[in-house]
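Participant: Before I ask anything, let me first share the structure, which is written out below as C-alpha cells.
The values are calculated or read from the model by the stated rules, or taken from the named source; none is laboratory data. Please read all numbers here as calculations on a predicted model, not as lab measurements. A quick note on method: Cβ atoms are made from the backbone with ideal geometry, for glycine too, and the neighbour counts reach across all protein chains shown.
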Amino acid sequence: MKQFDTIAQLLAQNRPGVTLPQALYVGEEAYRFDTEVMLKSVWLYAGTVAHAKAPGDWFLFELGSNQVIIVRGRDGEIRAFHNSCRHRGAQLCEAASGNSPRLICPYHFWTYNLDGKLLAARNMPEGFDKADHGLVPVALENVAGLLFVCLADNPPPFGRAKPDIAEQVSLYNLDKLKVAVQDDLIEPANWKLVMENNRECYHCDQNHPELLKSLSTYGFGKGLPEDGADDVVDDSAFDAMLEAQRQHWKDLGIFHDLIEFPQDFGGQDGWHRVARLPLAHGAVSQTLDGRPASRLPIWAHGLDEPSSLSVWTQPNSWHHFCNDHVVTFSLTPLGPDKTLLRTSWLVHEDAVEGVDYDPANLTAVWRATNAQDSYLSAVNHRGITSAGYRQGFYSVEEKLVDAFKTFYVDASVKALG
Ligand code: FES
Ligand SMILES: [Fe+2]
C-alpha cells in the first residue's frame, strides 16, 4: 500500500520489549492508517446482546468514517449492517441507539426489514429488483453475548477465541442481563496508549485506590502482594495462589486454565486472554465495599463467590464478570489524540434501580478508575509529542503491554500486505 509507506517504515523499527516510534502514537497518518486499514482488518468488540435486547433494538458502532448498525431482528438474531442506504447512500440511523420496527431512510423513505432486506422503494424503474438492494452486511460474531464486528471484506477466522471466551462468559447469562448504566468517556490520548495503559497494573498501586479495594494487581501482569516485594514479578507465586483456589473452582465447575493470548494458526493470533482471578480483601464484587452492587445474582453460583472472571481482547476491549454485575469496555479512536471509551454496567434484567441496585454504587469503582486512567493516558500522550521522546523499555510487569503492541504491529504488517 503505497500511501502508507511511512507507516511501513515505522513498523519496521519495532523491537520487542520497547514502545513504538513517536509517529505511530501521535501522527495524523497513523490515525488514518489505524482507522482505514489496521482496525478494519481485525475483529472489534462492539457491545453485548443486552445493548440490543428486544427485537428492533439497535445501536451504532463507529470506526472512522464507517458506521455499523447492530440490530436485533424479529427472529431474535443480532445482525450488523453498514449505516448507508442502498438508494443514494444516506445515513439510515442518526441517533446512537434506538428501537424501530423497520429501518426507514429519512431521505426518500426506502424501508428495510430488521434483517436488512429492502421492503419498500417507490417508483423505481422496470427491472429494479428489491432483492438486490438490501443493506450491506458487516460480519458479526456473537460470543456468548459479547458482540464482535469486522469491517474486512474477508474477515480473519475467529479461531479458538470463540470457544475459549464462550465457555467462561456463558456462565454469566448475558441474554438475561440489561444495561443499567453506560458511560461514554472521551480520553485525550491516542487509542493505543489507552490500550497500553489497560494492559498493565504497574501503575495501579499509585493511582487506583478504588480499584484495589477488591482487586489485587497480581494476575494483571504482577506477582503476589504477599511476596513482600512489590516490584518483583513471581509467576510461580501467582501460580501457587491460583492453585489454592483451583479445587474450589473445580468443585463449582467454573475452573479453567489461564488463557493468555495464544497463537492460533487457524485464526487471529494472540488476541484473547481469559482469567478467573481471586478477589482481594474478602470482596465478592468489584465495588468500594466489596459487597454485591446488585441484590440479584447473574449466574448459578450466588453472590458469595470471592472471584471474578476477566476477559481481554486485542485490540479494543476488556470485561469483568462479577456475581452480580458485568462491566464491559469498548474502545474506538476518534482522532490521533482522542479516544472513545464506552463503559457499560450490566445487571440482571429483573433488578430494579433504587431497589436492587444503586447506579452510583454500581459504577463507583470503574468511574473513578476510568477517570484516573484517562488522566494517565493523556499525560502519556502529551509527553510522547515531545522532541525528547525516545522509545522506552517496558518493565517485566508490562508483558501484556508488549503483547498488545506486538499484536498491533503484526496485524498492521499483515494488513499492509
Ligand atoms: S437515500 Fe435513502 S431513500 Fe434515498
Ligand atoms: Fe489503570
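Participant: If the requirement is being within 30 Å of ALA415 (Cα to Cα) and either modelled with pLDDT under 95 or not assigned by TED's automatic domain parsing to the domain that holds ILE165 (or both), which of these qualifies: ASP251, ASP235, ASP264, ASP257?
Facilitator: ASP264
Participant: Is there a residue being polar (S, T, N, Q) and either within 16 Å of ligand 2 (Cβ to nearest atom) or touching a residue at least 40 places away in the same chain (Cβ under 8 Å) (or both) anywhere in the stretch 60-69?
Facilitator: Checked the stretch 60-69: at least one residue is polar (S, T, N, Q) and either within 16 Å of ligand 2 (Cβ to nearest atom) or touching a residue at least 40 places away in the same chain (Cβ under 8 Å) (or both).
Participant: For the stretch 57-69, state whether one or more residues are out of contact with any strand residue (DSSP E or B) (no Cβ under 6 Å at 6 or more places or on another chain) and within 16 Å of ligand 1 (Cβ to nearest atom).
Facilitator: No - not one qualifying residue is present in the stretch 57-69.
Participant: Restricting to the stretch 192-218, give me the number of residues that are under 12 Å from GLN372 (Cβ atoms), in a loop (DSSP other than H, G, I, E, B) and near ligand 2 (Cβ under 10 Å from one of its atoms).
Facilitator: 2
Participant: Does THR111 satisfy being away from ligand 2 (no atom under 16 Å from the Cβ) and closer than 30 Å to ARG273 by Cα? Walk me through it before giving the result.
Facilitator: Details: away from ligand 2 (no atom under 16 Å from the Cβ): yes; closer than 30 Å to ARG273 by Cα: no.
So THR111 fails the test.
Participant: Is there a residue in the stretch 315-330 that is under 18 Å from GLN245 (Cα atoms), touching a strand residue (DSSP E or B) at 6+ places or on another chain (Cβ under 7 Å) and in a strand (DSSP E or B)?
Facilitator: Yes: one or more hits.
Participant: If you check PRO315, PRO359, PRO336, which single one turns out to be touching a residue at least 60 places away in the same chain (Cβ under 8 Å), in the same structural domain as GLN247 (by TED's automatic domain parsing) and either at positive phi or touching a Gly at 6+ places or on another chain (Cβ under 7 Å) (or both)?
Facilitator: PRO336
Participant: Would you check if there is a residue in the stretch 356-372 being among the aromatic types (Phe, Trp, Tyr) and assigned to a loop (DSSP other than H, G, I, E, B)?
Facilitator: no
Participant: All but one of (1) surrounded by fewer than 15 Cβ atoms within 10 Å (Cβ to Cβ); (2) touching a Pro at 6+ places or on another chain (Cβ under 9 Å) hold for SER65; state the number of the condition that does not hold.
Facilitator: Answer for SER65: the failing condition is (2).
Participant: Sticking with this structure for a sec: Got a sec? Which helices (runs of 4 or more DSSP H) wholly within the stretch 1-81 have at least 1 residues that are of a type in the set (Phe, Trp, Tyr)? Walk me through how you get there before you give the answer.
Facilitator: On the way: elements: 5-12, 22-26, 28-33.
Qualifying helices (runs of 4 or more DSSP H): 22-26, 28-33.
Participant: Identify all residues within the stretch 279-307 that are modelled with pLDDT under 95, in contact with a Gly (Cβ under 8 Å, 6 or more places away or on another chain) and surrounded by fewer than 19 Cβ atoms within 10 Å (Cβ to Cβ); write none if there are none.
Facilitator: HIS281, GLY282, PRO306
Participant: From (1) over 18 Å from the mean Cα position of the chain (by Cα); (2) more than 30 Å from PRO156 (Cα to Cα); (3) without any contact (Cβ under 8 Å) to a residue 60 or more places away in the chain, pick out the condition that doesn't hold for CYS322.
Facilitator: (1)
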